[in-house]
Every structure is written in structure tokens, then in C-alpha cells.
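Visitor: Let me give you the structure first, and then I'll get to my questions.
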Amino acid sequence: MKLSCRLFYHSALYPIILLLINALSLVYGQGVVMHKDDPALPRQARYAADVAGYVLIHSDALKNKPIRPPVDSITLLPYWPQTREGLSQRGGIACQLDDDPDLEVVYVIGESIYAWNCDGSDVSGWPVPLQFGADGAPSFGDIDSDGIGEIVVGTRLSGTGNEGILVALERDGTPVNGFPVTLWGGAARTAVLCNLDADPALEIILAERSWPEGKVFVYQGDGSIMTGWPQHLDHVPGSGAAVGDITGDSVPEIVAESYLSIYAFDLQGNLLSGFPYTPGSNRVFSYSTPVLADLDDDGCREIIAGDHSNNSGYGMIHVIRNDGTAFPGWPKITSNWVYAPVAVADFDMDGDPEIASGDQMASTIPWCHIYVWEADGTYLSGWPSPYIWPVNCQIIVADLDGDRFPELVWDDNSEDGWYHAYNHDGTPLNGWPLAVQGSTFFMNPATGDFNADGTLDLTGGGIDAAHQTTSIHLWTTNIPYRPEKAFLPVLQYNVQHTGVFRFPEWYLAALFTADNFQPQVNQPVHFTDLSAGTVTGWSWHFEGGLPEYSMEQNPVVIYPEPGLFEVTLIVNNIMASDTLTWKKGIQVHPVTGINPLFDEEDDPARFYVRNRSLVVPSGSVNGRFVLTIYSMDSRALVRKELNAAQGSDIIIPLQGIGPQVCLICIARGICSRCRKLMMME
């Protein structure tokens, strides 16, 4: 596998393949690559240059933009938005900075860190001024083993970005002992917090840049550098790191990204075999921080990241194994450049993860897409989206409307201020887009239950580049907060920003199948539960069936009458439930056939119980058949394969079956006959 990848990227065939891919990209995108200092670059188009200063821009960038009417069906809380001087990137977090049950909202704006209560008031001790600004989100976790979380932010000097400070603050805004720390270079994007050693404190993992060099550092909770670090990169980083176990040994690895390559290190700083991974000729990584997810359920997570060409207008999503080889079915081409981290979630609630990403190109008309793929690289039904505005943020994934499926939320990088939301099937979510003051350019939203009332809340922001201000919004809804459906509630999955996808703790996905979707009347149908997650209870409803209700995991049902019937399964555990309904999923047909199971004059009432035994009278059944006795909660109490002989009754002992109503079924092939009998003492 590794050999084939090397041949693909370095053989004489690669230029030919690249030309073909470039030709295909022209079908989808009409962008040109320009340098940010090119005087011909249209200044009214909103864009972000890549790590090397290049921009993908559409030829329509001088055209007028359409005007969209505002739609906002979600309630903005009183005293919001909060507007402050300075610009912000990558959004904020909600975390616990005091002793009340509410979470506080934290953002970096300009050269300050702000923290607000849900009522819009400043948290005591905040805001805190910084020496430099940040192009990443704040992180939150216990870095000093005191049992209380701290705020961590990596900063860098505006302009060159080659100088920076690492800041760690207690809940009251005072510095953590050992901080601030002067960095080797400027901090790239968002710091990651993760426990990498035997003590309970979290370490700080930070990619740093000093053009044209890059390094990855690991800092401990006292500001010192962990043994084995830093490690060199082959170019400056434009993204943060991801930290999690990718080898299946329960020990985390550190995955970092330079402009040219992806690296995977063990905790001692050793490079894993097969790395660095390079995306190919004229292909580079900018701001798509890696995400780690186990896509094939083998116990090892894959590395997923987006790239772009540095001389043409298309991007790719790469999925990489822990040995540096490509995952089967990948990479996949996108029409335009990919800047955002991908989003991995179970969008269709089938128990398997899917991958979503948006692409971006500076344009004044919608010219980009949201893509959602199955793990094998095929599109999830309903995707990709129609043309949309550019996407620079990681897609947020949470239940926004109270149904059984999560929705997708992303930014809108036109000049206007919007967050968009779509259902899992690719249709727009009712009541959206959500309006903000300013543009959502690089402003990641976040979801959760911030005010501890059991309902869903959202935060996000808009920047006004002309006036150099940022407005932070906090909304609430009447939708119950479903943590088991919040696959990606905040940038890089959690407030430590580890970039690791895992199914939520109380995740449930109801799913089932049947051995026959078109049975004949009274033919037993065996239902099999395929639900994902930790299920502790099952509740079935079989419209038109016997039994009509069951709490068995895998019940057996008969249908006495022909027709179309609905089946519903509710699975639950102590924290969550999930419901799946098959609308008219079982088509029951009248009994037909030229080889009848029973004699024409047979009366099923002739089946009877005598002396604790079931008696099937001689002559009432033809040939070989299967006899099954079910309890009314669908458990098979007796199952026997029998052969009807002329002149002899068939007698089946019933010892061990207590007094109850049972269902007796005699079947051969698709023919069956069932009836209820009362078992007596």
C-alpha cells in the first residue's frame, strides 16, 4: 500500500494524472490563483490568503451581490450581541469560570480575552489584555492539577506572525504560575490541551512559525517544555494540531501540519513510520487542522485533512492511515480550495461515521459546496449541496430541531452576516439562515446548554472589518438539548480542541431490519435490532401485528390481516433515547400457494393442549413443518422441526411453560397458521 502511494506521487505518471485532475477541476470551479499583493486583486472581495499569501478568486468578484432577506427564528438573549473593538477568528467557547451552574462565553477579540455571563455581564476579572492578538480560539482545561480549568491562548504578532506569547489564565483572569511564556515563533491557530504523561495535568500542544520554519512544541502546566520537544516541520504551519490515539495502543499521538506535509509523532517526539505525508505535486495544506476518527472500526483512527492546489482552483480531502498510506477510496476532489477542518459525525444515524467539508473561493456569488461522504468515499444521499457561499469554518454538527438526526451549521463568507444550517439529507433547515451583525468570516459557531435550562443554546459572532469591531451573539431555543446528538458542538470537538471524533457518551441510533418485508398472512416475521450505542431497553410497536407491542431486542411478529403496516422501535439508556419508524414498512399479502400446509377442511381450533402437551391431530398437517410456540412478548419457548405421519397425532410436551397466553405457529416455507392458546396449570 505504501509503495503504491509513493509511485503515485513520484512516478512519471503523476504529471499526467495531475493534468487530468486540473482539467476536471475546470468543470467545477472557475477560480484563478493570485497573490494577495497583486494590484489586480479585487479589493472588495472577501478572502483569506493561504500560508504563502495566495488567494483563489472567482472571475465574478467585481459583480454586485444579491440581497437576501433576514430570517431569524431563534431568540437572541437580552443584552446580546456584545460588540468590542478588534477582530476575532475561529470563534469562542463556553466553559465554567465560576461556581454557578451556567457556563460562561469566552472569545479572543483584538488583543484581549473577553468572558461574559449568559446575561451579557463581564465575568469578574475579565477582560484580560494581551500583548499580541490570536488567530485561534481559546482553549479550556486543567493544566496545573488543581482540579479547576484554565484558559489557554497562543498569540502572535500581527503582520509577520513570527513572534508570539503563550498565555494561561486562572478562572479569575490572573496568570497561571509559569506564564506567560515567550514562544520560539508565533502561535499557529488554536492550542490543544491533552494529557500526555502520568500526572493528571493537561499538556499544551502548539504549532509555531518563524518564516519559513515551523516547529511543534509541547508545554507543561508550569510553562516548561516537555522532554523530546520541539520537533521541526519542513515549512511554517497554518493550522493547529490534533492529538489522539491513532495506533490503537491507548496512547495518544500528536498530528501536526506544515504548509507542505502532515506529521505524526509519538509522545517522545519520534516520527511515526511512513510520515511525513505529502499531498502531491503543487498541493499544500493551509488552515484545515487535522481531524482524527476511526472510519473502519479497526481500533485505529485515521487522519483527515483538506488541502488545495497552489497553482489551480481545486482542493482535496485526504484520509491517511497511521502508516502514512492513503485510506481506500481517498483522496476526494472538491471544486475549490479547502481551508476548514473537516467534520466527522454520524449524519444519517446509521451507526457509522461520515465526513463533511466545505470549500471556499473569493466570489460575490455562491460558487462553493458542502460535501458529505461515506467512509468509503461515496457521497451520502442528498450531497453535495447546491452552490453556496464560501466556507472557512469547521462545520458544527448538533440536533437543532429536536428530530432524531443532527444538522450541519457553517459560516457564510460573503460580506453579509449569516450562519447556514442544513438537515442531514441535504435540505435547508427551516428558520435559517441565522443573521449576525458583521460577517461570519472565520467565526466558528458553537452549541450547547450554556444557561443550564435543558434547551439548546448557540453562540457565534460577526466581524466588521471596516470599523474593526466584532459582535458576539448568544441565542437560545425551545429545542431540548441532546448531548448524544452533539457530535461536533465546538471547534475541533471539545474545548480542549483535540480534534478527535468519538461517538458521544450516551449516543444512540435506533436501527433494525426484518427477514421478510412482504410476508403472507400469519407468516412469522423475525425483526433484528441493529441499533448503535449502549442500549439498555427496547420498545417496539407493530401496527397490525401480533404482538402489537414488544420489549424484546429481537421479536417475532405475525400479521393476521393483509395490508401496509408501520413499525416503530425506541431504544434507550439512562440518559437518552432514539426512535426509528418505518412508514408502511411491512406489506402483508393474503395466503397463496398450490401446496397447502393444511388440509382444505382443517380447522385450526383442532390444535389443543392436553395433559401439559400440545396435540396436533392426525391429518391436519401435510408433510414436514416447523412448530414454534411464542410467548406474547415474542420469546420462542419451543421450536421443533416435525414430519406429519398418517394416522398419528403429534404430541409436544409443554413442561417448563408456566400459565400464560401463547402463540402457536405451524409453518412450512411461506405458508403458516397461528392461533392463541391459554396454558393452564
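Visitor: About its Cα centre, how strong a charge dipole does the chain have in debye, to the nearest 20, once Lys and Arg get +1 and Asp and Glu get -1 at the Cβ? Provide the component values of the computation, followed by the final result.
Guide: On the way: 36 positive and 81 negative charges, 425 e Å.
Using Cβ point charges on Lys, Arg, Asp and Glu, the chain gives about 2040 debye.
Visitor: Given segment 446-562, what whole percent of its Cα pairs are spread farther than 17 Å? Mind dumping the intermediate values first?
Guide: Values: 4772 of 6786 pairs.
Across segment 446-562, Cα pairs with separations above 17 Å total 70 percent.
Visitor: Could you order Glu104, Glu163 by accessible surface area, starting with the largest, using a probe radius of 1.4 Å? Don't skip to the answer; put the middle values down first.
Guide: Working: Glu104 0, Glu163 100 Å².
Per-residue accessible area, sorted high to low, gives Glu163, Glu104.
Visitor: Extension gain Tyr387-Asp298, at 0.36 nm per residue separation less the Cα-Cα distance, in nm? Walk me through the numbers on the way to the answer.
Guide: Working: separation 89, 0.36 × 89 = 32.04 nm, distance 3.59 nm.
Separation in residues times 0.36 nm, less the Cα-Cα distance, equals 28.5 nm.
Visitor: What GluC sites (Glu not before Pro) does segment 458-561 have in DSSP loop regions with at most 14 other beta carbons within 10 Å? Spell out each step's value before the answer.
Guide: Numbers: sites: Glu484, Glu505, Glu543, Glu548, Glu552; in loops: Glu505, Glu543, Glu548, Glu552.
Hits after loop and neighbour filter: Glu505, Glu548.
Visitor: Within segment 185-225, list the residues whose amide N lies under 18 Å from a label point set 7 Å along Cα→Cβ of Ile148.
Guide: 201-202, 221-222
Visitor: With point charges of +1 on the Cβ of Lys and Arg and -1 on the Cβ of Asp and Glu, referenced to the Cα centre of the chain, which listed residue (Val291, Ser613, Val33) lies farthest in the positive direction of the dipole?
Guide: Projecting each Cα onto the dipole axis, the largest value belongs to Ser613.
Visitor: For segment 236-380, take every pair of Cα atoms, bin their distances at 10 Å starting from 0, and report each bin as a whole percent.
Guide: 12, 44, 34, 9, 1
Visitor: Here's another thing I want to ask about it. Need one word for the chain: rounded, prolate or oblate. Basis is the Cα gyration tensor (sqrt eigenvalues a ≥ b ≥ c); a/c below 1.5 gives rounded, then a/b vs b/c decides.
Guide: Details: a/c = 2.27, a/b = 2.05, b/c = 1.11.
Because a/c hits 1.5 or more and a/b exceeds b/c, the chain counts as prolate.
Visitor: Let me ask another. Probe of 1.4 angstrom, ligands and nucleic acids ignored: what's the accessible area per residue over segment 84-143, in square angstrom? Mind showing how you got there, number by number?
Guide: Working: 1970 Å² over 60 residues.
With all protein chains present, segment 84-143 gives 33 Å² per residue.
Visitor: For segment 321-360, what is one quarter of the convex hull surface built on the Cα atoms, given in nm²?
Guide: Details: hull surface 15.3 nm².
The Cα convex hull of segment 321-360, projected and averaged over all directions, gives 3.8 nm².
Visitor: With every protein chain left in place, what is the accessible area of Cys665 in Å² (1.4 Å probe, nearest 10)?
Guide: 0 Å²
Visitor: Right, here's the next one. Can you give the helix-only mean residue ellipticity at 222 nm for the chain, where every DSSP H stretch with n ≥ 4 adds -39500 (n - 2.57) and the sum goes over all residues, rounded to the nearest 500 deg cm²/dmol?
Guide: -1000 deg cm²/dmol
Visitor: Only four residue types carry charge here, +1 at the Cβ of Lys and Arg and -1 at the Cβ of Asp and Glu. Report the dipole size of segment 182-251 about the Cα centre in Debye, rounded to the nearest 20. Walk me through the numbers on the way to the answer.
Guide: Values: 3 positive and 9 negative charges, 67 e Å.
For this selection, approximately 320 debye.
Visitor: May I ask you to compute the full-extension gain from His35 to Ala466, defined as 0.36 nm times their residue separation minus their alpha-carbon distance, rounded to one decimal in nm?
Guide: Working: separation 431, 0.36 × 431 = 155.16 nm, distance 2.18 nm.
Going from the current span to full extension adds 153.0 nm.
Visitor: Taking only the C-alpha atoms, wrap a convex hull around segment 107-173 and report its volume per residue in Å³ as a whole number. Before the final figure, lay out each step's value.
Guide: Details: hull volume 5.6 nm³, N = 67.
Enclosed volume per residue, from the Cα hull, is 84 Å³.
Visitor: Sort Cys662, Cys194 by heavy-atom solvent-accessible area, probe 1.4 angstrom, most to least. Spell out each step's value before the answer.
Guide: Numbers: Cys662 0, Cys194 25 Å².
Result of the area sort, largest leading: Cys194, Cys662.
Visitor: Which value, in debye to the nearest 20, gives the size of the charge dipole of segment 421-529 about its Cα centre, when Lys and Arg are +1 and Asp and Glu are -1 at the Cβ? Write down the numbers at each step before the final one.
Guide: Numbers: 3 positive and 9 negative charges, 34 e Å.
Charge dipole of segment 421-529: 160 debye, to the nearest 20.
Visitor: Using R₀ = 35 Å, calculate the FRET efficiency as 1/(1 + (r/R₀)^6) where r is the Cβ-Cβ separation of Gln660 and Asp401; round to 0.05.
Guide: Numbers: r = 43 Å, r/R0 = 1.24.
So the FRET efficiency works out to roughly 0.20.
Visitor: Can you tell me the orientation of helix 13-28 relative to the chain, as the angle in degrees between its alpha-carbon axis and the longest Cα principal axis, to the nearest 10?
Guide: Roughly 80 degrees between the two axes.
Visitor: Please calculate the 1.4 Å probe accessible area of Arg283, with all protein chains present, and give it to the nearest 10 Å².
Guide: My reading of the accessible area for Arg283 is about 10 Å².
Visitor: Still on this model: Taking a label point 7 Å from the Cα of Thr581 along the Cα→Cβ vector, which residues of segment 510-539 have an amide N closer than 14 Å to it?
Guide: Residues passing the 14 Å test: none.
Visitor: Follow-up. With label points built 7 Å along Cα→Cβ from the Cα atoms of Ser224 and Leu564, find their separation and express it in nm.
Guide: It works out to 7.2 nm between the two label points.
Visitor: So what's segment 203-266 giving for Cα Rg divided by 2.2 N^0.38 Å, two decimals? The partial results should precede the final answer.
Guide: Values: Rg = 11.7 Å, N = 64, 2.2 N^0.38 = 10.7 Å.
Working it through for segment 203-266, the quotient is 1.09.
Visitor: With every protein chain kept in place and ligands, DNA and RNA left out, what is the accessible area per residue of segment 315-362? Probe 1.4 Å, answer in Å².
Guide: Details: 750 Å² over 48 residues.
For segment 315-362, the per-residue accessible area is 16 Å².
Visitor: Across 5 Å bins from the origin, how do the percents of Cα pairs in segment 535-592 run, short distances first?
Guide: Going out from 0 Å in 5 Å bins, segment 535-592 shows 4, 19, 27, 21, 14, 8, 4, 2, 1, 0 percent.
Visitor: Here's another thing I want to ask about it. Suppose we take every Cα in segment 324-454 and form the convex hull; what volume per residue is that in Å³? Could the numbers behind the result be given before it?
Guide: Working: hull volume 17.2 nm³, N = 131.
Dividing the Cα hull volume of segment 324-454 by its residues yields 131 Å³.
Visitor: Hey, another quick one. Of Asn494, Asn478, Thr536, which is farthest towards the positive pole of segment 474-545's charge dipole, taken about the Cα centre with +1 and -1 on the beta-carbons of Lys, Arg and Asp, Glu respectively?
Guide: Positive-most Cα among the choices belongs to Asn494.
Visitor: Follow-up question, since we're still on this one. Would you be so kind as to identify which of Thr160, Thr190, Pro180 lies farthest towards the positive end of the dipole of segment 148-245, taking Lys and Arg as +1 and Asp and Glu as -1 on Cβ and the Cα centre as origin?
Guide: Highest projection toward the positive end goes to Thr160.
Visitor: So, one more: Which length gain, in nm to one decimal place, applies between Lys640 and Thr534 when the Cα-Cα distance is subtracted from 0.36 nm times their residue separation? Provide the component values of the computation, followed by the final result.
Guide: Values: separation 106, 0.36 × 106 = 38.16 nm, distance 3.38 nm.
Result for the pair: 34.8 nm of gain on full extension.
Visitor: Related question: Once the Cβ-Cβ distance between Asp100 and Leu271 is put in as r, and R0 is 45 Å, what FRET efficiency do you end up with, to the nearest 0.05?
Guide: On the way: r = 46 Å, r/R0 = 1.02.
Here the calculated transfer efficiency is 0.45.
Visitor: Carbon and sulfur atoms: what percent of the 1.4 Å accessible area of the chain do they account for?
Guide: Roughly 54 percent of what the probe reaches on the chain is carbon or sulfur.
The values are calculated or read from the model by the stated rules, or taken from the named source; none is laboratory data. Being a predicted model, the structure only gives us computed values, none of them experimental. Every residue, glycine among them, receives a Cβ derived from its backbone with ideal geometry; neighbour counts consider all protein chains shown. What goes into the accessible areas is simple: the full protein's heavy atoms, side chains included, and nothing from ligands, DNA or RNA. Shrake-Rupley method; radii C 1.70, N 1.55, O 1.52, S 1.80 Å.
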